[in-house]
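Asks: Before we start, here is the structure in question, set down as C-alpha cells.
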Amino acid sequence: MTKDLDILALDAATILAVKPRQAGAFLGQGTAGKRNFRKLAARWHPDFCADPQSAEVFSHLVTLRDRLQSLGSQRADTLLFTLADGHRKPVVVLETTPTDSGETLVLADGLAQRFDAATADLAQDMADTIASFSYADPAMQCEMQRFLPKVGQRLTLIDGGSLYITPRDAGALPLFMVDTYLARSGRRIDAKGVAWIGSGLMNLAAWLAWSGLMHGSIDAASVAINPETHDVMLLGGWEYATPFGARPRALPERTLWLAPKLGADGVPADGTIDPLLIRDLLRQLLGKPADGDLLAGRVVPMPIAEWLVFPPAADAFQDYALWRSALEQAWGRPRFHPMPFTAADVLGDRVA
C-alpha cells in the first residue's frame with residue numbers, strides 16, 4: 001500500500017499506470033483503502049484540480065475503488081498451526097471453505113485440507129489413496145498426473161486434528177474460489193465454458209473407473225481449473241475414495257443426498273456415483289436450472305440437457321462416450337473456448 005504521506009504527491013502518470021488488479025496493493029485494504037481513495041479523489045477531482053489529466057485520473061481512481069468493492073479483501077492471511085510436537089507452522093492462506101471433514105485452505109503454492117480431531121483418521125485415508133494412484137502405462141501416467149494431486153505432507157496438530165498439504169500449480173483455481181469471484185464481479189461461465197469443465201471431469205471419471213475407484217466427493221472444493229490451459233483437476237476430497245465393491249467408511253452429506261442408496265446397509269461403491277456428482281456440479285455452475293428449464297432448451301442445447309437430466313450410464317466409459325457425443329451434436333467438433341477471467345483476476349493482489 002502507498003504510504004499516506006506520499007500518496008498525494010503521486011503524479012497522473014503513476015496513478016494511471018496502476019492496473020485494476022493492483023488496486024488493493026495501491027489503495028490498501030478496508031478502512032485504509034477507503035481513506036486513501038477519498039484523499040486522492042479530493043486531490044484529483046476535475047472541479048478542483050487544474051491538471052489537464054484530472055478527469056482521466058479521477059475516473060481511473062473510481063475504477064480502482066470499484067475493483068476493491070467488487071472483489072472484497074485481496075489480502076492473504078497467515079495462519080499459525082501448532083503441531084503435536086509443540087512446533088508452530090505458519091501457513092499463508094489465500095482463501096478457505098468449510099467441508100464435511102473440516103476445511104479446505106488454498107495456499108500460495110499448495111492446497112491444504114484441515115481435519116479436526118473427529119475426522120483426523122480420514123487424513124491418513126487421503127494420504128494412502130493419493131500414494132496408491134496407478135496407471136496402465138507411462139503414457140497414461142504422464143497424461144493423468146497433471147490432473148491429480150501429488151503426494152503431500154501430513155502434519156498432526158496439537159488439538160488432535162491433521163493438516164494434509166499438497167502442491168498446487170499457480171494457475172490451478174479451486175472452483176469455490178472461482179464461484180466467489182464470479183459472484184462478486186458479476187461475471188459468469190457460459191454453457192460452453194461449463195462444458196469444457198464437464199469434459200475434464202468425465203475424463204477423470206473414466207480414469208477413476210479404470211482404477212476401480214469411487215472418488216465420492218466431486219464438488220467445488222475438490223475440483224480446480226486452470227482458465228488459461230483448460231486443465232481440470234481433482235485435487236481434494238480423496239479422503240472419501242473407496243474401491244468399487246467396498247462400503248465407504250464415510251461420505252459427504254451432498255453425496256448421500258444425491259445417492260441415498262449409499263446410506264443403506266451393504267450397498268457398495270460403484271462407477272455411477274462420480275458421474276452423478278459431476279452432473280450436479282455442472283448444473284450448479286449453470287445456475288441450478290430445474291429439469292423443465294433444461295429440457296425446454298432454455299439453458300444449454302438439448303443433447304447436453306438430456307445428458308444432465310438423465311441418470312448416468314452403468315459404466316463410466318459409456319457415460320463419457322455419451323457425453324462426447326452430446327457435445328458434438330450440440331456444437332460440432334471441439335474448439336478452444338476462452339474463459340471470461342484469468343487466474344490473475346481471481347487471485348487479485350493476494351499473490352505477487
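The values are calculated or read from the model by the stated rules, or taken from the named source; none is laboratory data. Not measured: the values here are computed from a predicted model. Every residue, glycine as well, gets a Cβ built from its backbone with ideal geometry; the counts of neighbours run over all protein chains shown.
Asks: Are there any strands (runs of 3 or more DSSP E) wholly within segment 80-119 with 1 or more residues that are closer than 15 Å to residue 165 by Cα and among the small types (Gly, Ala, Ser), and if so which? If you could, list the steps in order and put the result at the bottom.
Replies: Details: elements: 88-99, 102-107, 110-115.
Correct list: 102-107, 110-115.
Asks: Follow-up question, since we're still on this one. Would you be able to say whether some residue in segment 332-343 is on the phi > 0 side of the Ramachandran plot and surrounded by fewer than 15 Cβ atoms within 10 Å (Cβ to Cβ)? Spell out how you get there, then give the answer.
Replies: We begin by selecting, within segment 332-343, every residue on the phi > 0 side of the Ramachandran plot; these are 332.
Of the ones still in play, those that are also surrounded by fewer than 15 Cβ atoms within 10 Å (Cβ to Cβ) are 332.
The answer is yes; a qualifying residue exists.
Asks: When you look at residue 289, is it surrounded by 15 or more Cβ atoms within 10 Å (Cβ to Cβ) and in a loop (DSSP other than H, G, I, E, B), yes or no? Walk me through it before giving the result.
Replies: Details: surrounded by 15 or more Cβ atoms within 10 Å (Cβ to Cβ): yes; in a loop (DSSP other than H, G, I, E, B): yes.
So residue 289 fits the description; yes.
Asks: Let me ask you something else. Please give the number of the condition residue 155 fails out of (1) in contact with a Ser or Thr (Cβ under 7 Å, 6 or more places away or on another chain); (2) in a loop (DSSP other than H, G, I, E, B); (3) not β-branched (Val, Ile, Thr).
Replies: So the condition that residue 155 fails would be (2).
Asks: Restricting to segment 1-16, give me the number of residues that are surrounded by 12 or more Cβ atoms within 10 Å (Cβ to Cβ) and either in contact with an Asp or Glu (Cβ under 9 Å, 6 or more places away or on another chain) or modelled with pLDDT of 75 or more (or both).
Replies: Residues meeting the conditions: 7.
Asks: Could you say which residue among 326, 313, 321 is without any contact (Cβ under 8 Å) to a residue 60 or more places away in the chain, more than 24 Å from the chain's Cα centre (by Cα), in the same structural domain as residue 220 (by TED's automatic domain parsing) and outside any helix (DSSP H, G or I)?
Replies: Details: 326 fails: outside any helix (DSSP H, G or I); 321 fails: outside any helix (DSSP H, G or I).
Exactly one of 326, 313, 321 is without any contact (Cβ under 8 Å) to a residue 60 or more places away in the chain, more than 24 Å from the chain's Cα centre (by Cα), in the same structural domain as residue 220 (by TED's automatic domain parsing) and outside any helix (DSSP H, G or I), namely 313.
Asks: Return the only residue of 164, 181 being farther than 23 Å from residue 251 by Cα, touching a residue at least 12 places away in the same chain (Cβ under 8 Å) and surrounded by 17 or more Cβ atoms within 10 Å (Cβ to Cβ). Reasoning before the result, please.
Replies: Working: 164 fails: farther than 23 Å from residue 251 by Cα.
Result of the check over 164, 181: 181.
Asks: Shifting gears a bit: Looking only at segment 253-267, decide whether some residue is assigned to a loop (DSSP other than H, G, I, E, B) and touching a Gly at 6+ places or on another chain (Cβ under 8 Å).
Replies: Our first condition is that a residue be assigned to a loop (DSSP other than H, G, I, E, B); within segment 253-267, this holds for 259, 264-267.
Now narrow it down to the ones that are touching a Gly at 6+ places or on another chain (Cβ under 8 Å): none.
Checked against the condition, which is being assigned to a loop (DSSP other than H, G, I, E, B) and touching a Gly at 6+ places or on another chain (Cβ under 8 Å), segment 253-267 yields no hits at all.
Every residue, every condition in (1) of a type in the set (Ser, Thr, Tyr); (2) more than 16 Å from the chain's Cα centre (by Cα); (3) modelled with pLDDT under 95, yes or no:
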| residue | (1), (2), (3) |
| --- | --- |
| 212 | no, yes, no |
| 224 | no, no, no |
| 228 | no, no, yes |
| 236 | no, no, no |
| 239 | no, yes, no |
| 261 | no, yes, yes |
| 267 | no, yes, yes |
| 295 | no, yes, yes |
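Asks: Output yes when any residue across segment 201-212 is part of a loop (DSSP other than H, G, I, E, B), without any contact (Cβ under 8 Å) to a residue 40 or more places away in the chain and surrounded by 17 or more Cβ atoms within 10 Å (Cβ to Cβ), and no when none is.
Replies: Taking every residue of segment 201-212 in turn, none turns out to be part of a loop (DSSP other than H, G, I, E, B), without any contact (Cβ under 8 Å) to a residue 40 or more places away in the chain and surrounded by 17 or more Cβ atoms within 10 Å (Cβ to Cβ).
Asks: Of the residues 145, 141, which single one is closer than 26 Å to residue 337 by Cβ, of a type in the set (S, T, N, Q) and part of a helix (DSSP H, G or I)? Can you show your working first?
Replies: Numbers: 141 fails: closer than 26 Å to residue 337 by Cβ.
It is 145.
Asks: A follow-up question, please. With the requirement that a residue be touching a residue at least 24 places away in the same chain (Cβ under 8 Å), closer than 20 Å to residue 224 by Cα and of a type outside the set (A, V, I, L, M), what does segment 116-144 give you?
Replies: Passing the criteria: 129, 133.
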